[in-house]
Amino acid sequence: MTSIDVIVPCYNEEAVLGHFFEVCDGVLKGLAGYTYRFLFINDGSSDGTLAIMRKLAAAHPQVKYLSFSRNFGKESAMYAGFCYADADLVIVMDADLQHPPHMIPDMLRGIEEGYDCCAAMRSSREGESRIHSFFSRAFYRLNNRMSKIKLPQGAVDFRVMKKTMVDAILQLSEVERFSKGIFSWVGFDTKWYPYENIERAMGSSKWSFSGLFSYALDGITSFSTAPLRLVSGMGLVISLVAFIYILVTLIQTLLFGIDVPGYVTTLCAVLFLGGVIELSIGVLGEYLGHMYKESKHRPLFIVKDTNLADPRKREAES
Ligand code: UDP
Ligand code: MG
């Protein structure tokens, strides 16, 4: 028997959680050779999500839950799931049925074939606003150009992983977690399963546009120092151009004397350089911000309530 832990981060999912459980449990029940349990993570929901988890847990022994003391974000919820999972295989998926449970048997077959990880990727961006999908594409292109850690276009946080891979993920102890990058960073053989994007079953998405933007920025700055290089490169090019311009102006002045005062030139140079300097400080600030947050070593989540009998957290053994 192979054991499976299904990790489901939930934030205000009262509308869909019961339905999700029915559908997903139905799929898992039909699998021969596997035992499974759900590990629902209540990420500080303000609605009845926890009550539904408790109800499900009372009726089904395969339901475990972990409830945070406040909203810590999906990354922390997934991380908590990894910490408390102890099965041979771990599945992570969303509660809103955007990650089709009927793909699980196929993905498990991939693991049986010998892959360490089977992950889903969206083959279309249907149901997403045009501007959202434009920026999303731009993000992947930019990231993959800047960083050695490649993110496949459309990869979602729906995957089956072997325990060894989960252990590797837990060894990355950063506080600011960008799972898409972490999954890719740890390596392991991954098989990809494309699927058509589905609108969420009920409830609403928790992402705002600005939230996605800062997620993308964090993604790039967590895995690549290319922006820092870019800033140094920019400084070098500008210094070179400035040097040439100084030479030209000096020679001009020596040969022809000073004619009209260069009002426009001065203004342009000051504004341009001002902009570049601000930008460079901003880029430095992004990295400094990461260092600041990492240096505090705060826990990624705080558990307030759980029905795990022996809530033993697996620590990264490093
Ligand atoms: N989620 C979470 N904490 C948060 C935000 C979201 O645990 O702070 C969960 C949410 O309940 C869902 C999954 O993460 O199961 C994906 O969230 P959502 O559907 O809002 O994102 P989208 O599918 O639009 O990317
Ligand atoms: Mg969703």
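With respect to the chain, whose longest principal axis is taken over its alpha-carbon atoms, helix 74-84 is tilted by about 50°.
In the distance distribution for the chain, Cα-Cα pairs more than 24 Å apart total 60 percent.
Loop-located trypsin sites (Lys or Arg not before Pro) in the stretch 21-114 (DSSP state other than H, G, I, E, B) with a sparse environment of at most 15 neighbouring Cβ atoms within 10 Å: Arg70. Each label point was placed 7 Å from the Cα along the Cα-to-Cβ direction; for His297 and Asp189 their separation is 3.9 nm. Multiplying the residue separation of His19 and Ile238 by 0.36 nm and removing their Cα-Cα distance gives an extension gain of 73.0 nm.
Suppose R0 equals 51 Å. What FRET efficiency, 1/(1 + (r/R0)^6) with r the Cβ-Cβ distance, do Leu271 and Glu199 give to the nearest 0.05? Rounded to the nearest 0.05, the efficiency is 0.65. Only beta bridges with both residues in the chain are counted; by DSSP, about 30 percent of them are antiparallel.
Given a cut-off of 18 Å, name the pairs among Lys150/Lys293; Lys29/Lys64; Lys74/Lys163 whose C-alpha atoms lie farther apart than that in the structure shown. Display every interim value, and only then the final one.
On the way: Lys150/Lys293 25 Å; Lys29/Lys64 16 Å; Lys74/Lys163 21 Å.
With Cα atoms farther than 18 Å apart: Lys150/Lys293; Lys74/Lys163.
Taking every C-alpha pair closer than 8 Å and separated by at least 6 residues, the mean separation divided by the residue count of the chain gives a relative contact order of 23 percent.
Database remark: amide H of Glu13 closer than 5 angstrom to the amide H of Thr49 (H placed geometrically; neighbours at sequence offset of 5 or more, or on other chains; Pro and chain starts carry no H).
Loop sites only, by DSSP: take the GluC sites (Glu not before Pro) in the chain that have at most 16 other C-beta atoms within 10 Å and name the longest stretch containing none of them. Can you show the working numbers first?
On the way: sites that count: Glu113, Glu126, Glu128, Glu174, Glu176, Glu196, Glu199, Glu315, Glu317.
Longest gap between qualifying sites, sites excluded: 200-314.
So what's the angle, to the nearest 10 degrees on a 0 to 90 scale, between helix 130-146 and the longest Cα principal axis of the chain? Approximately 70 degrees, to the nearest ten.
How much length is gained if the chain between Asp88 and Arg109 is pulled fully straight, taking 0.36 nm per residue apart and subtracting their Cα-Cα distance, in nm to one decimal? It would help to have the intermediate numbers written out before the result.
Values: separation 21, 0.36 × 21 = 7.56 nm, distance 1.45 nm.
That works out to 6.1 nm of additional length.
Between Asn144 and Arg125, full extension at 0.36 nm per residue minus the direct alpha carbon distance yields a gain of 4.9 nm. Here's the picture: a label point sits 7 Å out from the Cα of Tyr263 along the beta-carbon direction, and within the stretch 217-249 nothing has its amide nitrogen under 20 Å of it.
For Asp305, the residues 5 or more places off, or on other chains, whose built amide H falls under 5 Å of its own are Ser67. Along each principal axis, taking the top coordinate minus the bottom one, the Cα set of the stretch 162-234 gives 47, 35, 25 Å in descending order.
For the stretch 1-156, what is the relative contact order in percent, using Cα pairs closer than 8 Å and at least 6 residues apart in sequence? Write out the running numbers ahead of the final one.
Details: 216 pairs, mean separation 42.3, N = 156.
Relative contact order for the stretch 1-156 comes out at 27 percent.
Between Ala58, Ala15, Ala87, the residue with the greatest mean-square fluctuation in the GNM of the chain (Cα pairs under 10 Å linked by springs) is Ala58. So for the pair Leu212, Gln153, with labels modelled 7 Å out along Cα→Cβ, what separation do we get in nm? Result for the modelled spin labels: 1.6 nm. Whole-Hz Karplus values for the stretch 210-220 come out as 5, x, 5, 4, 6, 4, 5, 5, 4, x, 5 Hz, taken residue by residue from phi with 6.51 cos²θ - 1.76 cosθ + 1.60 and θ = phi - 60°; glycine and proline positions read x.
Any read-out appearing in this document is the output of simple, stated calculations on the displayed coordinates, not a laboratory observation. All values reported here derive from a predicted model rather than from experimental measurement. Cβ coordinates were reconstructed from backbone atoms using ideal geometry, including for glycine residues, and neighbour counts include every protein chain displayed.
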